[in-house]
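Taking it in order: structure first as structure tokens, then the write-up.
The values are calculated or read from the model by the stated rules, or taken from the named source; none is laboratory data. Not measured: the values here are computed from a predicted model. Please note: Cβ atoms are built from the backbone with ideal geometry, for glycine as well, and neighbour counts cover all protein chains shown. Only protein heavy atoms, including side chains, enter the accessible area calculation; ligands, DNA and RNA are left aside. Shrake-Rupley method; radii C 1.70, N 1.55, O 1.52, S 1.80 Å.
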Amino acid sequence: MSQKLLEFVEAISRLVGRPDLSQTAVLAEASSWMRGLVAVDDWLPEAMAQPHPQFYQQHLLYGDPLDRFSLVSFVWGPGQATPVHDHTVWGVIGMLRGAEQEVPYEKGADGRVRQSGPSQTLMPGDVACVTPGNGDIHAVSNAVDGQVSISIHLYGGNIGKIRRSVYDLKANEVKPFISGYSNALCPNLWAREA
Ligand code: FE
């Protein structure tokens, strides 16, 4: 593990071990560490930067053994995009390479999910957050034509095994899903069943 990645994982391990901190304080501190991690693109192992011709990749960089957090390298091939989805835990996203576009959604009083604001484009060095209950639903896509983009995602849980939702807006349907990890080996300690 590179020194930068190790220092980040150490810092976040200490951070999630502090029950005295509010979620707001945890997010502020985690965002600050994320800003440092993605400030210079010189540490991501090649194996964690590999795209797939068809699917965006979620390479697990580190999974906390107590499931308090997980760190994922999100690799976007050209034209790749997520469906509208939620997380149910806090998340901090740092743009490392290329660019991604995020469109925010929210569930209205009528139960329908609709776009809640303008899209934003993350450029290298930019950091954004998702939080449960408020700003937890979005759709993300590669914002660079014909190129690979990579963002680093830190989540306040083991995101690969959390039961969450994708939203089909046209059909007004909510579907449960568990994302797993693209690089999950078998047996994989971090991907164990919930
Ligand atoms: Fe997301």
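What to note about this one:
- Under 25 Å of direct C-alpha separation, and excluding same-chain neighbours fewer than eight residues apart, Lys170 reaches these lysines: Lys107.
- Taking amide H positions as modeled 1.01 Å from N, with prolines and chain starts lacking one, the residues under 5 Å from Asp126 and 5 or more places away or on another chain are Met95.
- Backbone geometry of the stretch 147-161 corresponds, through the Karplus equation with coefficients 6.51, -1.76 and 1.60 at θ = phi - 60°, to 3J(HN,Hα) couplings of 9, 7, 10, 9, 10, 9, 10, 10, 10, x, x, 7, 4, x, 10 Hz, x marking Gly and Pro.
- Only helices enter the 222 nm calculation for the chain: every DSSP H run of n ≥ 4 contributes -39,500 (n - 2.57), and dividing by all residues gives -5000 deg cm²/dmol, rounded to 500.
- Cα-based shape type of the chain, given that a ≥ b ≥ c are square roots of the gyration tensor eigenvalues and the cut on a/c is 1.5: rounded
- Residue-span extension gain [Ser32 to Arg18] - 0.36 nm each, minus C-alpha spacing: 3.4 nm
- Cβ-defined net charge surrounding Ser149, 11 Å radius [Lys, Arg +1; Asp, Glu -1]: -1
- For the stretch 3-177, the relative contact order is 26 percent, taking Cα pairs closer than 8 Å that sit 6 or more residues apart in sequence and dividing their mean separation by the residue count.
- Close amide H pairs (under 5 Å, H built 1.01 Å from N) link Phe69 with Asp64, Gly157, residues at least 5 positions away or on another chain.
- With every protein chain in place, the stretch 3-177: carbon and sulfur % of accessible area (1.4 Å): 51
- Probe 1.4 Å - accessible area at Arg68, Å² to nearest ten: 80
- Stretching Gln120 away from Ala47 to a fully extended chain increases their span by 23.4 nm, per 0.36 nm per residue minus the current alpha-carbon distance.
- Residue-wise HN-Hα coupling along the stretch 106-120, computed from phi with Karplus coefficients 6.51, -1.76, 1.60 (Hz; x: Gly, Pro): 8, 8, x, 4, 7, x, 7, 9, 9, 4, 10, x, x, 6, 10
- For the chain: accessible area per residue (Å², 1.4 Å): 50
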